[in-house]
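Structure record follows, encoded as structure tokens.
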Amino acid sequence: MYLNKIKLFLVISICLIFFFLTYNDVKSQELKIISGIAKVIDGDTIRIEKKKIRFFGIDAPESKQLCQKTWLSISFLSFNRDYPCGEISTKKLKNKINNKFVMCKSNNKDRYNRFIAECYKDKTNINRWMVLNGYAVAYRKYSKKFVSQENLAKKDKLGLWAGTFEMPWDWRKKN
């Protein structure tokens, strides 16, 4: 009888220790809904109230990033020019959602303490919309979710895919 009580106490103690050690991991995976009027920071980041939100699974050109597209083509000769693709990405997102009600679903934060989320304006998935229209690319390092939308934008030469550009993560490394 006495030995059974000790075993029971040990099992309960081990279970409690395990629970408290893993509680933060479980807690960090909880889905958090953030909603309100969105302010666009750049092509893949918004702010709702005081919460900064980075779009999950996509990467947009940086604000100062330049891309190239053809502005004149004569037979076999083409002339390219630089254009501010980072500014355009931001502008397109602003036209879509700035100062409008947006709902985001997050279950994680990045190293800059931003919420990583998929965001929606009405029923439109904004992350998907940005990639599908060529204003951002699928961020394959973190997710393959938006690769098919990127392939469609690339096939139709939309946005960034109308010319040449450096992937945003490569541009950041150099600048």
Inset, instruction - Please determine, by comparing only the residues of the range 73-123 that are closer than 19 Å to Ala136 by Cα and among the β-branched types (Val, Ile, Thr), which one is surrounded by the most Cβ atoms within 10 Å (Cβ to Cβ). - result: Val102
Inset, instruction - Select from the range 130-145 the residues that are touching a helix residue (DSSP H, G or I) at 6+ places or on another chain (Cβ under 6 Å) and part of a helix (DSSP H, G or I) and list them in ascending order. - result: Val131, Leu132
Inset, instruction - Output the residues belonging to the range 146-165 that are part of a loop (DSSP other than H, G, I, E, B) and either within 16 Å of Asp44 (Cβ to Cβ) or outside the structural domain of Asp59 (by TED's automatic domain parsing) (or both). - result: Phe146, Phe165
Inset, instruction - Using the structure shown, decide if Ile116 is touching a residue at least 24 places away in the same chain (Cβ under 8 Å), under 14 Å from Asp44 (Cα atoms) and not in a helix (DSSP H, G or I). - result: yes
Inset, instruction - For the range 87-108, name all the residues that are charged (D, E, K, R) and either over 13 Å from Asp44 (Cβ atoms) or free of Cβ contacts under 8 Å to residues at least 24 places away in the same chain (or both). - result: Glu87, Lys91, Lys100, Lys105
Inset, instruction - State all residues of the range 40-60 that are farther than 14 Å from Trp169 by Cβ, among the basic types (Lys, Arg) and either part of a strand (DSSP E or B) or not assigned by TED's automatic domain parsing to the domain that holds Gly134 (or both); if no residue qualifies, say none. - result: Arg47, Lys51, Lys52
Legend entry - Subset of the range 109-129 (residues that are more than 21 Å from Gln149 (Cβ to Cβ) and in contact with a strand residue (DSSP E or B) (Cβ under 9 Å, 6 or more places away or on another chain)): Lys109, Asp110, Tyr112, Asn113, Arg114, Phe115
Legend entry - Candidates Lys96, Lys91 - the one that is in contact with a helix residue (DSSP H, G or I) (Cβ under 9 Å, 6 or more places away or on another chain) and at pLDDT 95 or above: Lys96
Inset, instruction - Out of the residues in the range 97-112 that are part of a loop (DSSP other than H, G, I, E, B) and under 20 Å from Ile37 (Cα atoms), state the one that is nearest to the chain's Cα centre (by Cα). - result: Asn98
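The values are calculated or read from the model by the stated rules, or taken from the named source; none is laboratory data. Note that this is a predicted model, so its numbers are computed, not measured. With ideal geometry, Cβ positions are generated from the backbone for all residues, glycine too; neighbour counts draw on all protein chains shown.
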